[in-house]
Amino acid sequence: MNTILRLSISIILLWGSIANCQSKMVEIKGGTYIPLYGSDSLQVSISDFYMDVYPVTNQEFLEFVKTNPKWKKSQVKKLFADGNYLVSWESDTALGTTQSQKAPATNISWFAANDYCSSQGKRLPTIDEWEYVAMANEDIADARYIENYNEYILSWYEKPKTFNNEIGSSFKNYWGVWDLHGLVWEWTSDFNSVLISGESRKDVDNDSNLFCGSAAIGATDLMNYAAFMRYAIRGSLKASFTMKNLGFRCVKE
Amino acid sequence: MEGETASLETVSYQCPMKCEEEKTYPKERICPVCKMDILPISNMDSKKIATDEISDNSIFNLTSTWNTEEGKSIELVDLKGKTLVMVMIYTTCKAACPRLVADMRNIEKQIPENLLSDISFVLVSIDPETDTPKRLKEFAIENFMNDEQWTFLQGTNNTVREFANVLAVKYKQISPMDFSHSNIISIFNPQGELVHQQEGLGVDNKETISKIIETTKLTN
């Protein structure tokens, strides 16, 4: 009797750990929407795709680093990550003592995030894809006009140190995706397409109606200050930059 | 290597990047400024120093493959050994690219001819779907950029994005035919390390040109 009990417990544990290894994804039904900064036609079309339910965690990134030594913090090339890459880790293969295994992996450069997703046969989401999923609240796909949706996001922006909270601790949105708002900012594949940084005003040949000085005026929705913050951050990033409150998740077709 | 030289009496060593200009050392060590191995001066006479080391900051750490306008498949490291002058454009561009291309030609024209064989001018397409090797070749011919020193590269959406990230070039597709993009000309030394960036259109090329010449002469 005892043996059977023990056996079944170990089977449950094993099953649990397997399920843990494979990061869960959910299907996102494509559609059209108008993002904060539009393209020519303003409407953006999104095809169907799958998105990770949670941001990539410290534990998951640690496993990745163990099998991909070029991403160890002692070995990473400066071209691909700045000096704060995995800065809180105790060593190449150990998290810091205050870091939670289930907190989102942060202080990761775009190059590292991009490689992580590729290694799983996935990719980083585009800005348009990320924003499309992130405009949902718990109940509806586009909650951008709902007051408490924006209030929630803005109040998170004011909260310090949410990066060490565990995944699954903010909210699960309409699509079944957790933590798009509430824990960390996230990398996107084309973050460098945001042409609103200071320097881009002089060196970019952009259509001034679309980008130049469009910080506020060009916004489709002036109320959408929260989204503007995200675009501003993306516009200021470089791919080797790492930040304590910047993580990532992957998507696939 | 040292055994082969007959006169061993006064070998002095110098940083190949001349970080400390003409300063020499009596024996091997690393350069206190750039941390590269310093080399015997006699070795530096030979062109294209045979250091296989790629530094942390070198773009040759990118391992993606690219198609050239000649239909060849290359990695960036295949461009090693020459000064690289790189820019990102797309061939259907009507607004800024013709001026950027003109800037590149302008720069090339002002380089002393004897240095040209040690310099590659590389134009990377940000529109890999339209800019096939064939299209790039036509563009090269139309724009009188078909000589040996010009190279055009086609990547994939992902490799182009990665490359742009290394150059800190921003771009966005704003319609099926058009992209917004930064106008940046970047210079890399023969080891693939960024030495200079010129931003903006129609700016004074003087600094860029002198940087190219200086970089090329260092390894000449």
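The values are calculated or read from the model by the stated rules, or taken from the named source; none is laboratory data. What you see is a predicted model, and the numbers here were worked out from it, not measured in a lab. Here Cβ is always computed from backbone atoms with ideal geometry, including for glycine, and neighbour counts include all displayed protein chains.
General remarks:
- Positions within the stretch B:93-127 being within 14 Å of another protein chain (Cβ to nearest Cβ) and not basic (Lys, Arg), in sequence order: B:Cys93, B:Ala95, B:Ala96, B:Cys97, B:Pro98, B:Leu100, B:Val101, B:Ala102, B:Asp103, B:Ile126, B:Asp127
- Residue check: A:Arg230 meets all listed conditions (1) surrounded by fewer than 19 Cβ atoms within 10 Å (Cβ to Cβ); (2) modelled with pLDDT of 60 or more; (3) not in a loop (DSSP other than H, G, I, E, B) but one, namely (1).
- Of all residues in the stretch B:181-217, those being crowded, with 22+ Cβ neighbours inside 10 Å and closer than 30 Å to A:Pro35 by Cα number 3.
- Flag for B:Leu167 being crowded, with 21+ Cβ neighbours inside 10 Å and more than 12 Å from chain A (Cβ to nearest Cβ): no
- Conditions (1) modelled with pLDDT of 95 or more; (2) in a helix (DSSP H, G or I): number failed by A:Ile11: (1)
- Restricting the stretch B:171-218 to residues that are hydroxyl-bearing (Ser, Thr, Tyr) and out of contact with any strand residue (DSSP E or B) (no Cβ under 8 Å at 6 or more places or on another chain) leaves a set whose member that is farthest from the other protein chains (Cβ to nearest Cβ) is B:Ser210.
- Leading residue by the ranking (surrounded by the most Cβ atoms within 10 Å (Cβ to Cβ)) among those in the stretch A:233-249 that are part of a loop (DSSP other than H, G, I, E, B) and within 13 Å of another protein chain (Cβ to nearest Cβ): A:Ala239
- So B:Thr151, is it hydroxyl-bearing (Ser, Thr, Tyr) and more than 14 Å from chain A (Cβ to nearest Cβ): yes
- Test: residue in the stretch B:195-208 that is farther than 17 Å from B:Leu79 by Cβ, hydroxyl-bearing (Ser, Thr, Tyr) and either touching an Asp or Glu at 6+ places or on another chain (Cβ under 7 Å) or in the same structural domain as B:Pro112 (by TED's automatic domain parsing) (or both): yes
- If you check A:Ser91, A:Ser109, A:Ser47 for being within 11 Å of another protein chain (Cβ to nearest Cβ) and of a type in the set (Ser, Thr, Tyr), only one passes: A:Ser109.
- If the condition is being in contact (Cβ under 8 Å) with a residue 40 or more places away in the chain and not in a loop (DSSP other than H, G, I, E, B), then the stretch A:64-105 contributes A:Phe64, A:Trp71, A:Pro104.
- Residue match in the stretch A:177-191 (condition: assigned to a loop (DSSP other than H, G, I, E, B), among the aliphatic types (A, V, I, L, M), touching a Leu at 6+ places or on another chain (Cβ under 9 Å) and within 14 Å of chain B (Cβ to nearest Cβ)): no
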